[in-house]
Amino acid sequence: MATETSAEVPKTARQFVLKEEVIVERKWLKLEETTYTDPNGKTRTWETVKRAGRKKGVSADGVAVIAVLQRTLHYDCVVLVKQFRPPINGYCLEFPAGLIEENETAESAALRELEEETGYKGEVVECTPALCLDPGLSNSTTHIVSVTINGDEAENTRPKQKLEYVEVISLPKNDLLQRIDELVAEEHIAVDARVYTYALALKRATEKPLQVPFMKF
């Protein structure tokens, strides 16, 4: 009887950071050289971007708000914002978002940012744990906070935003991905990965599962 043999899988060393050195620091960001060990135990370096001066008493750097506008006799809409982003030299479609203030909860920050950027007042439905944004580049983290907006309330019928340079765009939730694609084609704007992933997930959730044909043997 033949016996099966398998090559031994080499054990990998536990990876960890040895030291972090600031290369350059400005008002909002700093660039660091991070020295760490790879799976083979070899010392390597990585260039890391961090926020300068992390606030006390916060669970993450910021929040992003998935805000759904609900109105009688209307489709539910996802409230998004479009604003100019210098790093990409163009406009980007995003969730309302911002940094958490010192000793502020993620939920409070989400409602504050939503009102500042869109004028809408909402109610928190749920809040995720602190999530990584781009761990290959930065240690920046965020909470994704789901909020509902009662569009029938007087304060939300004519919302007054506090940030004039942010354009509010509300798109139907049941057709979000297609509407985003149309907007990109028309205005040639960028889309935040979180927004597009959310829209794609909504579409996939409504699709019928793949039907595997029954096979006779």
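Coordinate-derived values only; no laboratory data. Everything numeric here is computed off the predicted structure, so don't read it as measured data. Don't worry about glycine lacking a Cβ; one is built from the backbone with ideal geometry, like all the others, and counts go over all protein chains shown.
Rounded to whole Å, the principal axis extents of the Cα atoms in the stretch 20-146 read 62, 33, 30, largest first.
Here the Karplus relation 6.51 cos²θ - 1.76 cosθ + 1.60, evaluated at θ = phi - 60°, turns the backbone of the stretch 55-62 into coupling constants of 6, 7, x, 10, 8, 7, 5, x Hz, with x for every Gly and Pro. In this structure the amide hydrogen of Ala67, modeled in the peptide plane, comes within under 5 Å of the amide hydrogens of Val79, Val147, none closer than 5 places in sequence on its chain. With 0.36 nm allotted per residue and the present C-alpha distance subtracted, the Lys208-Glu153 stretch has 16.2 nm of extension available. With R₀ set to 35 Å, the beta-carbon distance separating Glu187 from Lys19 gives a calculated FRET efficiency near 0.15. Once C-alpha pairs closer than 8 Å and six or more residues apart are averaged by separation and normalised to the residue number of the chain, the relative contact order reads 19 percent. The phi-based Karplus calculation (6.51 cos²θ - 1.76 cosθ + 1.60; θ = phi - 60°) puts the 3J(HN,Hα) values of the stretch 117-130 at 8, 10, x, 7, 10, x, 10, 6, 9, 7, 9, 6, x, 5 Hz, whole numbers, x for Gly and Pro.
Does the chain classify as rounded, prolate or oblate by the C-alpha gyration tensor (a ≥ b ≥ c root eigenvalues; a/c under 1.5 gives rounded; else a/b over b/c gives prolate, otherwise oblate)?
Note, shape of the chain comes out oblate.
In debye, nearest 20: dipole of the chain around its Cα centre with unit charges on the Cβ of K, R (+) and D, E (-)?
480 debye
A simple spin-label model places the labels of Thr12 and Thr128 2.3 nm from each other, with each point 7 Å out along Cα-to-Cβ. For the stretch 104-176, what does the alpha-carbon gyration tensor say about shape, rounded, prolate or oblate, given a ≥ b ≥ c as the root eigenvalues, a/c under 1.5 as rounded, and a/b over b/c as prolate? It is prolate, given that a/c is not under 1.5 and a/b is the larger ratio.
The relative contact order of the stretch 84-153, computed from alpha carbon pairs under 8 Å that lie at least 6 residues apart in sequence, is 23 percent.
Selection among Val124, Asn174, Ile144 by position relative to the dipole of the chain gives Ile144 as farthest towards the positive end (Cβ unit charges, Cα centre).
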